[in-house]
Amino acid sequence: MAEALATGMLEMPTNPTTEKLYRGGNALHLMAVGMARGYDDPRWMTYRQADDSGWHIRKGEKGAQIDTGNFRSGARLHAKMRQIFHRGSRSR
């Protein structure tokens, strides 16, 4: 845990193309995945966002799933899972 704090692994996950922070369970999940994989950068994005920015995801790279479902007054309207990739998984 001390190493995670020192390297910045516990920074709030963010999307570099929208500059928005991931929130709630998605943020916790992405921090845990990042720590397990040894990432020291909190940036995550979808494959399409990387492609639209001119970045390429390395062949065989594993993404992480997040929940983008809608909620209203605590009741879930629908669930939608989205695969996102760590910023470090892109090639130049």
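What follows draws every value from the coordinates through simple rules; no lab data is involved. Given the structure is predicted, the values throughout are model-derived calculations rather than measurements. Note: ideal-geometry Cβ built from the backbone for every residue, glycine included; neighbour counts use all protein chains shown.
Under 12 Å from a point placed 7 Å out from the Cα of GLU11 along the Cα-to-Cβ direction: which residues of the range 30-45 have their backbone N that close? The answer is 40-44.
Computed packing ranks the peptides 37-46, 15-24 as 37-46, 15-24, most packed first, by mean other Cβ atoms within 10 Å.
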